[in-house]
Amino acid sequence: MTPTLAGIPVDFILFALTLLGVALFHHYTLHVALTGFAVISLYKIAFTGFATGPGVAGWIGHLGHEWVTFANLFCLLMGFAILARHFEKSHVPVILPKFLPKDWKGPFALLVMIFFISSILDNIAAALIGGAMAHQLFRARVHTGYLAAIVAASNAGGAGSVVGDTTTTMMWIAGISPLAVLEAALGAGVALCLFGTIAAKQQHAWSPINTHAHEHTRVDWGRLFIVMLMLGLAIGTNITVNVAAPSVAGAFPFIGVAVWVAILLTAQLRRHDWEILPETAKGSVFLLSLVACASMMPVNELPPASWAGALVLGFVSAVFDNIPLTALAIRQGGFDWGFLAYAVGFGGSILWFGSSAGVALSNMYPEARSALLWLRKGWHIPLAYVVGFAVMLAVLGWHPQ
C-alpha cells in the first residue's frame with residue numbers, strides 16, 4: 001500500500017516540494033532538481049518500489065525502461081543549442097527586420113513563424129530558434145511575457161501535429177489518427193491570436209524591433225545548410241521510424257542521434273560553438289532530473305475521461321511531466337484526442353519548467369527561471385489556454401474515441 005499524508009501519496013508530496021524549491025530558488029534550480037531526484041529515488045527504493053520491482057534493482061530497471069526518453073531529450077537539448085547558434089550566426093535574424101512590420105505586429109509575426117516551425121519540428125528547436133531571433137531583433141532585451149509567448153507558440157504549434165511534439169507522436173504510435181490530433185490546431189490557433197497579441201504589445205513597449213537594417217549583411221548559406229540538415233534528419237528520422245518501424249521507436253533514441261550525426265557530418269563545413277555545451281548541459285541535466293522525478297510518480301489513477309478532466313490535465317502538465325500523463329491517458333482511453341493533445345501540449349506553457357521548450361529557452365535567457373515572474377508577466381498564457389479550450393468545445397464538441 002502506498003504511504004500517504006492527508007490522503008496524498010508521499011511521492012507526490014516530495015515531487016511537489018521539489019517543484020516548489022525550483023520555483024522559489026530559481027538561481028539554484030539544478031541543485032534543487034538533483035536533490036529532489038535523489039530524495040525521491042531513495043524513498044522509492046526504501047518504501048514503495050517501482051513497477052519494475054523493489055529496491056535498487058527496481059530503480060535500475062525503471063531507469064533502464066526510461067533511458068530512451070532521457071537520451072533523446074539530452075541529445076536534442078544539446079544539439080538544438082548548437083543549431084540555434086548556427087541559425088543566429090547565419091545572419092537570418094538580423095536580416096529579418098526588413099520583412100517584418102515595425103510596430104507590435106512584428107513581434108506577433110515572429111510568434112506566428114515559431115508556431116508554424118513547431119508544427120513540423122520538435123517544440124524545443126522552435127523555441128530555441130525563436131529565442132535566437134528575438135535576441136537579435138530586440139537588442140537582447142526580451143520581455144518575460146514575450147519569452148513565455150515564445151514557449152507557448154512553440155508548444156501550441158506542435159499540439160496539432162503528430163511530428164510536432166513528443167506527446168502527439170506517442171498518440172500516433174498508439175494508433176490514433178493524425179486527423180484526430182489535428183483538431184487541436186483550432187484551439188492552438190485561437191490561443192495564439194490572444195496571447196500573441198498581448199505579448200507582442202508587451203514586447204513592443206519594452207524594446208521595439210531593431211529597425212536598423214543590415215543593408216550589407218549577407219546570409220551565411222553554409223550555416224543555414226547545417227541548420228536545414230539537422231532539421232531534415234530529425235524530421236526524416238522521426239517520420240521514418242514511426243511509419244516504417246513503430247515497434248522499435250521506443251528502443252533507441254533515433255531522433256537525438258540523428259541530430260548529432262548531422263553535427264558530426266558538418267564539423268568541417270563551419271566550426272560548431274562547442275563552448276556553449278557545458279552551460280547547456282547544466283540546463284539539460286536539470287530537465288532530465290525533473291522528468292526522471294515525474295516518471296517515478298504513481299500516476300496510476302485518473303478520473304473518468306471527460307472534457308473537464310482534459311482541461312485539468314492541461315494545468316497539471318504545467319507542473320507534472322506531460323509524457324507519463326499522456327501515456328496514462330492513452331492506456332485509460334475514452335478521450336477526445338484532439339482535446340487531450342491541446343491540453344497536454346499547450347498546458348505546459350503556463351510555467352517555465354512545464355515543458356521542454358520552456359526549460360530549453362531558459363538556458364538562453366536565465367532571467368526566465370522565476371515561476372512568479374513568469375506568471376505575473378505571462379498571465380495571458382493560462383487565459384489563452386482556457387479560451388482556446390472553450391472555443392474547441394463550442395465548435396467541435398467533445399467526441400471521445
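The values are calculated or read from the model by the stated rules, or taken from the named source; none is laboratory data. As the structure is a computational prediction, the values presented were derived from the model and not from experiment. Every residue, glycine as well, gets a Cβ built from its backbone with ideal geometry; the counts of neighbours run over all protein chains shown. Heavy atoms of the whole protein, side chains included, go into the accessibility calculation; ligands, DNA and RNA do not. Shrake-Rupley method; radii C 1.70, N 1.55, O 1.52, S 1.80 Å.
What the table shows:
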| quantity | calculated |
| --- | --- |
| Per residue convex hull volume, Cα atoms of the chain, in Å³ | 133 Å³ |
| Protein-only accessible surface order, largest first, of Tyr385, Tyr43 at 1.4 Å | Tyr43, Tyr385 |
| Structure-based [θ]222 nm, the chain - -39500 (n - 2.57) summed over DSSP H runs of at least 4, per residue, nearest 500 | -22000 deg cm²/dmol |
| Per-residue SASA entry for Trp67, accessible area with 1.4 Å probe, Å² rounded to 10 | 110 Å² |
| The stretch 246-365: mean projected area of Cα convex hull, nm² | 9.3 nm² |
| GNM top mover of Gln202, Gln332, Gln268 - the chain, alpha-carbon springs below 10 Å | Gln268 |
| Sequence-distant aspartates and glutamates (8 or more away, or on other chains) whose Cα lies within less than 13 Å of Lys201 | Asp103 |
| Span-like helix ranges in the chain, DSSP H, alpha carbon extent 20 angstrom or more, Kyte mean at least 1.6 | 10-24, 105-120, 380-395 |
| Exposure of Glu183 as accessible area (Å², to 10), given a probe of 1.4 Å and all protein chains | 50 Å² |
| Ala71 versus Ile8: modelled label distance in nm, points set 7 Å from Cα along the beta carbon direction | 3.6 nm |
| log₁₀ of I(q)/I(0) at q = 0.14, 0.15, 0.16, 0.17 Å⁻¹ - the stretch 72-225, Debye sum with one point per alpha carbon | -0.69, -0.78, -0.87, -0.97 |
| Gaussian network model of the chain, Cα within-10 Å springs - most flexible of Val257, Val243, Val285 | Val243 |
| Fraction of accessible area attributable to carbon and sulfur, the stretch 169-247 (%, probe 1.4 Å) | 69 percent |
| Between the stretch 137-212 and the stretch 306-345, the Cα center-to-center distance that results, in Å | 18 Å |
| Segment His216-Phe99, length gained on full extension (0.36 nm per residue, minus Cα span) | 40.6 nm |
| Rounded to the nearest 10 Å², the accessible area of His31 at probe 1.4 Å | 120 Å² |
| Net length gained if the chain between Cys193 and Ala51 were fully extended (0.36 nm per residue, minus Cα distance) | 46.8 nm |
| Additional length obtainable on full extension of the chain from Leu20 to Ala267, 0.36 nm per residue less Cα span | 84.8 nm |
| Largest-first principal axis extents, alpha carbons of the stretch 24-119, Å | 61, 30, 22 |
